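Note sheet for the following structure.
What follows draws every value from the coordinates through simple rules; no lab data is involved. Since we're looking at a predicted model, the values are computed, not measured. Note that each Cβ is placed from the backbone with ideal geometry, even for glycine, and that neighbours are counted across all protein chains shown.
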Amino acid sequence: MHWYTLLKTLHVTTACLTAALFTLRLALDASGRPGWRTTPLKWLPHLNDTVLLAAALGLLVVTGWMPFVHHWLTGKILLLLGYIIAGRFAMRPQYRFSTRLIASILALAQLALIFWLALNKPMF
């Protein structure tokens, strides 16, 4: 169980960091400060998300959970793909404000659902 506790803590920590970094970057863009794109805020979320994914894969190995058997996990994976796509639209300055706003709302909603599934693990 030692590995489970370590991986779970790492996964939860990096998941919270993902949400915080995404929200911070959205807030900086919305407030007219695109200068974050020349700081570590440009690449730090990608590094964090790599660690998050590695911890998730480690948890799959340690727990034996299977995406198509545990449907809440399948939901998290599908929502993650949607979050990545919406997040890309939300972060790209070449898109119109309305497109970026809708993408931001979609990305945040999917992120909230991912957290909800992780906390509740419903059987459906």
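For the chain, modelled as a GNM whose springs connect Cα atoms under 10 angstrom apart, the maximal fluctuation among VAL12, VAL51, VAL69 occurs at VAL69. Labels on offer are (1) 17.1, 61; (2) 15.6, 49; (3) 27.8, 80, and the one holding Rg and Dmax of the Cα atoms in Å computed from this structure is (2). Counting Lys and Arg as +1 and Asp and Glu as -1 over every other residue whose Cβ lies under 15 Å from the Cβ of MET66, the net charge comes to +2. Distances between placed amide hydrogens fall under 5 Å for HIS70 paired with no residue 5 or more residues away or on another chain. Which value does Rg/Rh take for the range 1-64 over its C-alpha atoms, Rh per Kirkwood? Using Cα coordinates only, the ratio equals 1.14.
Below 8 Å, C-alpha to C-alpha, sequence gap of six or more: please give me the relative contact order for the chain in percent.
It rounds to 26 percent for the chain.
In a DSSP loop and with at most 14 other Cβ atoms within 10 Å, the chymotrypsin sites (Phe, Trp or Tyr not before Pro) in the range 65-99 are TRP65, PHE68. Between ASN120 and THR13, what's the calculated FRET efficiency when r is the beta-carbon distance and R0 is 25 Å? Round to 0.05. The calculated FRET efficiency here is 0.80.
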